[in-house]
Structures are given as C-alpha cells and as structure tokens.
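Below: one structure in structure tokens.
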Amino acid sequence: MAKLAKKRQTSKGLRFEVVNPNSAGIDVSPKEFQVCVPADRDGDCNRTFGVYTEDLHLISEWLKACRIDTVSMESTGVYWLPIFRILKEDGFDVILVNASDVKNYSGKKTDASDAEWLMLLHSYGLLKPCFQPENIARTLRNLVRHRDTLIRSASREVLHLQKAMEQMNLKLDNVFSDILGKSGQSIIKAILSGEHDPKILAAMADPRCKKSVEEIEKSLQATWDEEHLFEMSQSDALYQTYQRLIAECDTKISEIANKYSAIVDVPKAELLRSEKQNAKKNSIGFDIEKVAFDLWAVNVIRIPGMSRSSLLRLVGELGCNFMEKFQDVKHFLSWTNLVPNNKISGGALLSSKVPKKKNPVGIVFRQCASSLKAAKNPLGDYFRHMRAKGGYLQAMIATGKKLATIFFIMVSRKVEYNEMVYTNHRKAELQNKMEYLKRRVERMKIEIDNCG
C-alpha cells in the first residue's frame, strides 16, 4: 500500500517560513462555525461553535484566550458578515479570502479540515485578502446598494404600468419620450382619478411638447378596461411608494456620510465645483459632490463621464482609505477587473482575456466610459479610437481602465483633474505623426525622381 508523503523539516532545501504564528482559520456555514487555532494554544484546537450572537462572542473570547492576532475565513454567501464585524470590532486582524484560492485540498473534506487548512495557509502567508472597507464604510455601502435595489424595483413598476396601458391601447409612450415627466404624470394621475376624455387629457400636456395636440388626443383613445385601470393604479402607487423610500434612503445615506466624513482625517482644501447638472431621474437628495470631496480631498466628479450616481456608488463601495489596501494602481485595476488575465507558458502568451466576473467598482467605470462615446474631449476621442480598433466592448474596458487610473491617481496623490495633460499629449502625438508623414512624402519624391 502506497504511503502518504510527510512534511519534514531539514537543514537543506527550501521551506516555507511561518509569518503569522498567531493565526486562526474559520470555516463558515449557515448552521455552524468551525474554528481552528495552532495546536499549542489549546488541547481542543479545532472547535465547533453555533451561529447565534452569543456564540460569535464566545468565538472572540476563545481566540483572545488562545493569543490569536489574525483570523482568515472564506467568503461564503453573506454568512461571514456577522462574525467578521464582531471580530473586527474586538481588534482582530480579519482577512476574507476567495473560496477558489483555498479549494485545492487533497484528502477527505470536512469542516474541521477546511478550518485547519485555512489556518495553515494563513500562518505561512499564502492567502490573499479580499478588499474590505472599515465597518462604517460598510454601513454606507449597504445603504447605497439598497438604494440601487429600490431604483430597480421602481423601474419594474414602470414596466408594469406601461404593460397595462398597452393592453388598453393607451399609447402615451408614442407621444412622450418619458411618461414619468411632467406631462405624462399629469395625464396618468387624471386617468386614475376617473378622467377619460381625450380632449381634456390632451390639454394637460405641456405646450413645449413636440407632438401636436391632435396626435396626443389620438394616443389617448383607449378601451379603458376596468382590470387594466386597476393594474395601472396599483403600479403607480407602488412606484410612488418606491420614490418615497428612495428619498428616505437618501436622507439616511446623508446622515451616515456626514458622520463618516467627520471622523476622516484628510487635508482641508477648497472645493472646485463641477459644472455638471444633476440627473432628473432618481436624482440624489443630498450634495454627494461635497461628501466625496470631504472623504478624498479632491473633486473626482470633474472626471469626464463621471456622474453623481456613479460617484455615490464609488463612495459606498470604496470608502475613504481604499488606496492603502492596494500596493499601486496596477493592483487596483486588477481588482476592478479592467485588465486582461494574461496566461503565459514557455515564454508564449496563451490567452489574454478579461475574466468573466462582476466587480461593482469596475462596472461603474465601464458605465462612465460608455457615456463618453460621443463626448468631445480627449477621453471621448480615445473611446472612439479604441472602438474603431477593436469594437465597442474593448473600447468600454480600455476607457474604463483609463478612468479608473485617473481616479486612483487623483485620490492617492490629492491632485485635481487636468485635461491639458491629455490635450498636450494629443498635440505632441499629432506633431510626431505629421513629421513622419513629411519624411514619407520626401522619400516618395525621391523615388519618383529616380523613376524619371
């Protein structure tokens, strides 16, 4: 029978060095937590705990008794969040690792072996921590993500409203570009109040509407089915409820953001306001430009393509001191999934593709890049150049990478956005191209003379 390999410590050869001697590993599941500490800290070094709040505090007390400084755990669903926050508050250095980084474990797989494997890898410094903001920044992130969920729910109710109108052959979307605008909302409210006369309803439209009153009247000649009117009223009521909830969420986000900025130690500077207008739909109910400036000491909304909603999501996802958790801008770009994963073997490039994973921050920068497709600025020129070179997707990723680079450098170095840097670079590039074309014309003239 074949024997299993044994680990031996010899005086020759390479061996790993223990860099985290006071480490522990926690295997996370919805029903229990398996916690493992080094064998010399306790007779029962691999214990099972419950998932209730008192059990989480027992874990923290046991780890303190075992003289543990740092803890590693897998990112299993959302079950890791409570124990992560409690251990953080109790002063432990907690790292969250991707489950794919620790899955290659040979032998019988159990919760106890998983916790021991996590502890062993972490003791040798072989685990790469996921980016996690501090607890108050996490509170802000949860609220921002909740706000996005409310917006998506409100959008679904608008679709339900349009479906009910279409089933009655009520063609408001043919005459109004936005049924949620002033004219559309006035007419919808009147319809739900019982007014079905096309002439009276058409008179409620704003005089600046591009469509004529006659065409608006035609669009308002519907069947007025009772069940579809009821569906309209329900969808409209839900939409208005979601709008109220979004406004309440904005108030709460503003409250937490003000508390956060009050404890952040950043150099004080004068805010250079952006000239960008606030969006009409789902507009943010507080001054997010000022909040972001208080956290980062630079006004990143001045970056082309950056909107207030994008800025709110970046504030929620990153927090204040995110720069300290990345070695440099290359590591930040890799985390945002805006650079290809080059696979090289034998000195040859086997593949170069952007991984198919979703990073919220990377998605924000891609959306900002997509808004530059018709912009008349250097970054818009760059987007169109990359689109002509490799297609829309490549242009969106490449421009998103450039925007993320600008963002990271601005925040880390505390410098404002300066478009003249790209203008001067473009000018120098065109001058070099012109010199090259002049030299080529001279060579062509010489060839013509030789042919003569």
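Read-outs: derived from the displayed coordinates by stated rules, not from any lab. This is a predicted model, so every value here is computed, not measured. Here Cβ is always computed from backbone atoms with ideal geometry, including for glycine, and neighbour counts include all displayed protein chains.
Give the percent of DSSP beta bridges with both residues in the chain that are antiparallel, rounded to the nearest 5.
The answer is about 60 percent antiparallel.
Counting pairs on different chains as well as pairs 8 or more places apart, how many Lys pairs in region 137-258 have Cα atoms under 22 Å apart?
For region 137-258, qualifying lysine pairs total 22.
Summing Lys, Arg as +1 and Asp, Glu as -1, what charge do residues with Cβ under 15 Å from the Cβ of A190 carry, A190 excluded?
-2
Follow-up question, since we're still on this one. How much of the pair distance distribution for region 137-258 lies past 17 Å, counting alpha-carbon pairs only, in percent?
Everything past 17 Å amounts to 59 percent.
Another one. Peptides 288-298, 324-334: what's the order by average Cβ count within 10 Å, highest mean first?
Those peptides, ordered most packed to least, come out 288-298, 324-334.
If the cut-off is a Cα-Cα distance under 19 Å, which lysines reach K276, setting aside same-chain residues fewer than 8 apart in sequence?
K290, K373, K376
Same structure again: Given 0.36 nm per residue, what is the gain on full extension from K389 to K281 after removing their alpha carbon distance, in nm?
Residue separation times 0.36 nm, minus the Cα-Cα distance, leaves 35.5 nm.
Another question about this same structure. Which values, in whole Å and largest first, are the semi-axes of the equivalent ellipsoid of the chain obtained as the square root of 5 times each eigenvalue of the Cα gyration tensor?
49, 38, 23
Here is a further query. Okay, helix-only estimate at 222 nm for the chain: each DSSP H run of n ≥ 4 adds -39500 (n - 2.57), divide by all residues, round to 500 deg cm²/dmol; what do you get?
Rounded to the nearest 500, it is -17000 deg cm²/dmol.
Taking the number of other C-beta atoms within 10 Å as the exposure measure, put D27, D381, D40 in order starting with the fewest.
D40, D381, D27
Could you list L437, L121, L127, L314 in order of exposure, starting from the residue whose Cβ has the fewest other Cβ atoms within 10 Å?
Going from least to most buried by this count: L437, L121, L127, L314.
Shifting gears a bit: Report the calculated FRET efficiency for V19 and R41 (r = Cβ-Cβ distance, R0 = 25 Å), to the nearest 0.05.
E(calc), rounded to 0.05, equals 0.90.
Add +1 for every Lys or Arg and -1 for every Asp or Glu among the other residues with Cβ under 12 Å from the Cβ of R426, and state the total.
That works out to -1.
Over 16 Å apart: what share of the alpha carbon pairs of region 174-228 falls there, rounded to a whole percent?
Percentage above 16 Å: 35.
What nm value, rounded to one decimal, do you get for the distance between E134 and R426 when each label is placed 7 Å out toward the C-beta?
It is 4.0 nm.
Rounded to the nearest 0.05, what FRET efficiency is calculated for E214 and K414 with R0 set to 60 Å and r the Cβ-Cβ distance?
0.50
So, one more: Grab the Cα-Cα distance for S274 and K433, subtract it from 0.36 nm times how many residues apart they are, and report the gain in nm with one decimal.
53.8 nm
Towards the positive end of the charge dipole of region 52-161, with charges on Cβ (+1 Lys, Arg; -1 Asp, Glu), say which of Y124, L56, T139 has the farthest Cα.
After comparing all options, I get T139.
Please report the net charge: other residues with Cβ closer than 12 Å to the Cβ of V37, K and R +1, D and E -1.
-1
Still on this structure: Under 16 Å from the 7 Å Cα→Cβ point of E324, by amide nitrogen: which residues of region 272-308?
From region 272-308, the list is 295-297.
Using a 10 Å cut-off around each Cβ, can you sort W117, W224 from fewest to most neighbouring Cβ atoms?
Listed from fewest to most nearby Cβ atoms, that is W224, W117.
For the chain, calculate the relative contact order in percent as a whole number, restricting contacts to Cα pairs under 8 Å that are 6 or more residues apart.
Dividing the mean separation by the residue count of the chain yields 11 percent.
Given the alpha-carbon gyration tensor of region 327-452, what are the semi-axes of its equivalent ellipsoid in whole angstrom, ordered largest first, with each equal to the square root of 5 times an eigenvalue?
Calculated on Cα positions only, the semi-axes equal 35, 21, 15 Å.
For V94, list long-range residues whose amide hydrogen, built 1.01 Å from N in the peptide plane, is under 5 Å from its own amide hydrogen.
V71
Taking every pair of distinct Cα atoms and averaging 1/r, then inverting, what Kirkwood hydrodynamic radius in Å comes out for region 23-123?
13.3
What are the aspartates and glutamates whose alpha-carbon lies under 17 Å from the alpha-carbon of K402, with same-chain residues fewer than 8 places away excluded?
Leaving aside aspartates and glutamates fewer than 8 places away in the same chain, those within reach of K402 are D328, D381, E416, E419.
Would you mind computing, in nm to one decimal, how far apart the modelled labels at K31 and Q167 are, each placed 7 Å from Cα along Cα→Cβ?
My value for the distance between the label points is 4.4 nm.
Roughly how big is the chain's charge dipole about its Cα centre, with Cβ charges of +1 (Lys, Arg) and -1 (Asp, Glu), in debye to the nearest 20?
The calculation lands at about 2380 debye.
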